[in-house]
Amino acid sequence: MSEIQALLDALTGLPRNRPAGPAEAEVLLARLRSAAARWADVLYEAHEGVYGHLPPRAEAALTLAFRRAEESYVELEIALRDCAEHRDPAR
């Protein structure tokens, strides 16, 4: 599960201070999006590893957690796209 270490590294590398402006905020969103993708990968790998070994509701909960992680990634992707469009209205 090298993705877990990569996720931990991504999370511990996040800035501790508020962004000073739009550019720093956009960088933070990009780093959060990357962490969200890694979290979704961790949950997917976990689900694949325990498939068939958990009771049905536990499997359903893990599947739901994965879907929510994917949704977080998508929402952050949308936020980043909006930042890019706001920065460059011609896009």
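The values are calculated or read from the model by the stated rules, or taken from the named source; none is laboratory data. Everything numeric here is computed off the predicted structure, so don't read it as measured data. Every residue, glycine as well, gets a Cβ built from its backbone with ideal geometry; the counts of neighbours run over all protein chains shown. When the accessible area is computed, the model is the full protein with side chains, heavy atoms only, and any ligands, DNA or RNA have been set aside. Shrake-Rupley method; radii C 1.70, N 1.55, O 1.52, S 1.80 Å.
Residue by residue, here is whether (1) under 13 Å from the mean Cα position of the chain (by Cα); (2) exposed (fewer than 13 other Cβ atoms within 10 Å of the Cβ); (3) touching a residue at least 24 places away in the same chain (Cβ under 8 Å) holds:
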| site | (1), (2), (3) |
| --- | --- |
| LEU7 | yes, no, yes |
| THR12 | no, yes, no |
| ASN17 | no, yes, no |
| ALA25 | no, no, yes |
| ALA35 | yes, no, yes |
| TRP39 | yes, no, yes |
| HIS53 | no, yes, no |
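Screening the candidates GLU45, GLU71 for the property of being modelled with pLDDT of 95 or more and open to solvent by 60 Å² or more (accessible area, probe 1.4 Å) yields one hit, GLU71. As a summary of the residue check, ALA25 satisfies the conditions (1) out of contact with any Leu (no Cβ under 7 Å at 6 or more places or on another chain); (2) closer than 26 Å to GLN5 by Cβ except for the one numbered (2).
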